1. Please work out whether the range 58-165 counts as rounded, prolate or oblate from its C-alpha gyration tensor, where a ≥ b ≥ c are the square roots of the eigenvalues and a/c under 1.5 means rounded, while otherwise a/b larger than b/c means prolate and anything else oblate?
2. Can you give me the distance in nm between label points at S158 and V139, each placed 7 Å from the Cα along the Cα-to-Cβ direction?
3. Quick check: residue separation of D60 and Q38 times 0.36 nm, minus the Cα distance between them. What number comes out in nm?
4. P(r) of the range 31-78 in 5 Å steps, Cα pairs, percent per bin?
Amino acid sequence: MLTSVHQPARQVAQGASPQRVAIAGTVINAATQEGLPQVMVRITHAPAACVQGFLKVLEDSLADHPHLIASYRRLTCDRPITPDTLKLAQLLFNTFERHQWLVAPRPDQTLTGGDGHYCFFDLPPGDYGLTATLTIPKVCQGSTHGRVRVDLSDQRLSFSALDLSLTLEPATRTAPGFASLDLLPWPRADALYQAQAALQRS
């Protein structure tokens, strides 16, 4: 679905190039139909060109850490882009955030605003999957998924719309969320994928 809208006030520092909203929508509470603030919305399926862009952001963030470049490239270079590559990139984003290496906001996830609205910028065309997760410790939790297609367009003010409805349940000990794994010291790629599989089963 392509919709025309004014550029939102939120700006992300990604150099001097103009930004274009690619995906936007609202996450609502399924029970009240009201927008939910502070929901984590993450890209969990993306075309290869998008994943390649994420890897470029990660590599650029290591410019001030040359001793880590070789290890990073062993994990990512000369490998085909697969669904596991996106999972790898996001585990690396988690690690880079933890060590304060990122030089720009993460392009793979965002938080909803006070009205439940979210948006992603400058994504290449293709099919995307988004996962929205909200956890309020000892209160409630919920997670939902949606899919949307981003089409190539020369209209700066057009975007693909995806609204998500989130059912909140009482909090449990095992809250929904995104796996966190510190990748230091750098493991071999096969060890990393084994760790990912273990996290997904847990």
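Bear in mind these aren't lab numbers, they're just calculated from the coordinates by the rules spelled out. Keep in mind it's a predicted model, so treat the numbers as computed, not measured. Don't worry about glycine lacking a Cβ; one is built from the backbone with ideal geometry, like all the others, and counts go over all protein chains shown.
1. Because a/c hits 1.5 or more and a/b fails to exceed b/c, the range 58-165 counts as oblate.
2. 4.0
3. Contour length minus the Cα-Cα distance gives 5.1 nm.
4. 4, 15, 19, 16, 12, 12, 7, 6, 4, 4, 0
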